[in-house]
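Taking it in order: structure first as structure tokens, then the write-up.
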Amino acid sequence: MATMITGTQIDADRSTAPVTRSIRHPFVRFLGRRLAAGVVTLWVVSVFIFVATNVLPGNVAEVVLGHNATPERIQALNVKMGYDHPMIQRYFTWIVGILHGDFGKSAVAVALSQVETSVSSTLVSPLLNSLILGGITALLLVPLTLLLGALAGIYARRSPDLAISTPALVFGGLPEFVTGTLLIFIFFSVLHLLPPTSGFSPGQSPLTDVGRLVLPVLTLLGVALGAGVRQVRAGMIETLQREYVQYARLNGIPERRVLFRYTLRNALAPSVQIIAQNMQYLFGGIIVVESVFDYPGIGQYIVNAVLARDTAKVEAAAIIIAAVYTLINIAADFVVVLLVPKLRTAVA
Amino acid sequence: MLVHRQARFGLLHDWGMRIGVLLFALVVFIAVFGGQLSSQSPYATVGIPGAAPGGGHLLGLDFEGRDVLARVLHGGVSTLALAASATVLVYALGISFGLLAGYSRSVIDPLLMRTVDVILSIPSLLLMLLFVTGLGGGRPVMVVAAAVVLFPGAARIVRSATLEVSTRGFVEAAVARGESTLATLWREVLPNIVPPIAADMGLRFSWSIILISSVNFLGLGIRPPEPDWGLLISENLVILPSNPLAVVAPAAMIGLMIIGVNLICDGIIRALSRGDR
């Protein structure tokens, strides 16, 4: 779908393309438009996040303070947290704060009269940890998706394809917690090879004990690879049936050259979209995977915050994840325009 | 009038499809009738927590010393019922909005597409968690939240199928005969978009299972001591070293159910592409 939007937007740009290239280059305009659309989407998402987490405003103080809370203490916390103000005013305070890098105060920390109540300072370490987990997975995911997908496409309906496509279909659709627990069972209970959890002591970098990263990364790969491989395979098969590929073969061009020069490149462009979708998928999957393996990242952070009804932390983590999600999508559209020769000339 | 009739041929000659139907039927049978089959209570503590299989407990005991088999047999119906209700709601909304957007081509169309864009720009599980934060993890909240997360995509599929069908001759003929819009949609458009949306419906059912059992796994949905496959996995992770079956059994049930549904969807999609040729 995103490719379609890219196409139409570029067409629209071309029809009104100005002659003065240096000032209003269509490519820059395309990027600008895409970024602007991203900002608008994020704004709508921010309203949604705020409304969803604030539908029952009085509730937060009650839940945070627990059963033995007196009405006076609830009232006091409400005033301290600013819950007594109208919702619109609170939304603007919140969104202006975020634009200045301030994600508000944690209701739990305020209720426990802790010295440090700022949410922003608690975000850095989980974000870094998730970045490490997601980054390693992405570094393996991209080449593996392309390699396995292309192989399955080239050998369509022959044994290499079956060896790749069958597991992709069977295991690719499983939820992360099923794949994760089955991997724990195999590698911990049966083979005694790897630890079942990746519980790191506070402040410890996950990179100091890479063995504990293996199972979370494998789980994410197992879930994200399936869909990607099947789509790249389909793209490869479709490209191989194109007339210019047949023509190249009829001209006696060696099969290797046909594959690398004529097929792969054109099959690659839709794959970028697929890979972007998979990367986005990682951000959803990471929430569950981090809980399965007790990994101290942003996913576990948000689950703990939901359990504690710590609204400000939920909102902060949610808006950050949504922002990264949107950015990946924009980057993918951008790379697709750069990769596809037809789209590139349409723009320039 | 039906266009996709050929698609039904060969559906059960497909091996993937056969295995899928078999797996799905088996898991649904266990989920629905498992409670009656089980002779033991899923709530009674009967021995040492985390005990390995033996002594009349085929799958051993869980983290509180309850019979794992009884809890697995009782624990499927919650996820299955919630996911099925969510799917029905998804398609009730998806068909209404999709038909309306695709057939009328009114303001609903761009409005729907923008809503889809926004909802797709948040990870679906994150959206579920936002609902749970605001409204708590009750059963109705989970069904509605899953439906809100999944219906825009369904509406989009219904919309594009409707757009394609509504330009065909028999729809134009119905309009020319002077049939009402509702009758045209019901008798001409809807029967012809059923095959393409059947596969999508299956996929959305499997996504509903994943979303709802994930929320239960995270401990934000169904509350203990109730047995639920997703919840059983997370609560028994602590006794994995002594009785891994307490974790593997519910995980396998969810896994087999989803593999079954996905094989069925894949079979439908393959049958459809054969029918088109």
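Please give the number of the condition residue B:139 fails out of (1) of a type outside the set (Gly, Ala, Ser); (2) closer than 25 Å to residue B:24 by Cβ; (3) crowded, with 18+ Cβ neighbours inside 10 Å.
Tallying (1) of a type outside the set (Gly, Ala, Ser); (2) closer than 25 Å to residue B:24 by Cβ; (3) crowded, with 18+ Cβ neighbours inside 10 Å, residue B:139 fails exactly one: (3).
So, residue B:254, is that one among the β-branched types (Val, Ile, Thr), crowded, with 19+ Cβ neighbours inside 10 Å and at pLDDT 90 or above or not? Can you show your working first?
Numbers: among the β-branched types (Val, Ile, Thr): yes; crowded, with 19+ Cβ neighbours inside 10 Å: yes; at pLDDT 90 or above: yes.
For residue B:254, the condition - among the β-branched types (Val, Ile, Thr), crowded, with 19+ Cβ neighbours inside 10 Å and at pLDDT 90 or above - is met.
State the number of residues belonging to the stretch B:208-236 that are under 17 Å from residue A:196 (Cα atoms), at the interface with chain A (Cβ under 10 Å from one of its Cβ atoms) and surrounded by fewer than 24 Cβ atoms within 10 Å (Cβ to Cβ).
Residues in the stretch B:208-236 being under 17 Å from residue A:196 (Cα atoms), at the interface with chain A (Cβ under 10 Å from one of its Cβ atoms) and surrounded by fewer than 24 Cβ atoms within 10 Å (Cβ to Cβ): 1 in total.
Can residue B:243 be described as closer than 30 Å to residue B:65 by Cα and surrounded by 23 or more Cβ atoms within 10 Å (Cβ to Cβ)?
Yes; evaluated as a whole, the condition is true for this residue.
Can you tell me which of (1) basic (Lys, Arg); (2) touching a residue at least 12 places away in the same chain (Cβ under 8 Å); (3) surrounded by fewer than 19 Cβ atoms within 10 Å (Cβ to Cβ) is the one residue B:177 doesn't meet?
(2)
With A:137, A:93, A:122, A:181 as the choices, which residue is within 14 Å of chain B (Cβ to nearest Cβ) and in a helix (DSSP H, G or I)?
On the way: A:137 fails: within 14 Å of chain B (Cβ to nearest Cβ); A:93 fails: within 14 Å of chain B (Cβ to nearest Cβ); A:122 fails: within 14 Å of chain B (Cβ to nearest Cβ).
On inspection, the qualifying residue turns out to be A:181.
Within the stretch A:140-165, take every residue that is outside any helix (DSSP H, G or I) and not aliphatic (A, V, I, L, M) and give me the one that is nearest to residue A:259 (Cα to Cα).
A:155
Does residue A:293 satisfy the condition of being farther than 17 Å from residue B:221 by Cα and buried (at least 24 other Cβ atoms within 10 Å of the Cβ)?
yes
Conditions tested, residue by residue: (1) more than 13 Å from chain A (Cβ to nearest Cβ); (2) within 18 Å of the chain's Cα centre (by Cα).
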residue: B:132; (1), (2): no, no
residue: B:136; (1), (2): no, no
residue: B:143; (1), (2): yes, yes
residue: B:148; (1), (2): no, yes
residue: B:155; (1), (2): yes, yes
residue: B:161; (1), (2): yes, no
residue: B:164; (1), (2): yes, no
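Can you tell me which of (1) over 30 Å from residue A:235 (Cβ atoms); (2) within 14 Å of chain B (Cβ to nearest Cβ); (3) part of a loop (DSSP other than H, G, I, E, B) is the one residue A:215 doesn't meet?
Residue A:215 satisfies all of (1) over 30 Å from residue A:235 (Cβ atoms); (2) within 14 Å of chain B (Cβ to nearest Cβ); (3) part of a loop (DSSP other than H, G, I, E, B) except (3).
The values are calculated or read from the model by the stated rules, or taken from the named source; none is laboratory data. For clarity, every value in this text was computed on a predicted model and none was experimentally measured. Ideal geometry is used to build each Cβ from the backbone, glycine not excepted, and the neighbour counts take in all protein chains shown.
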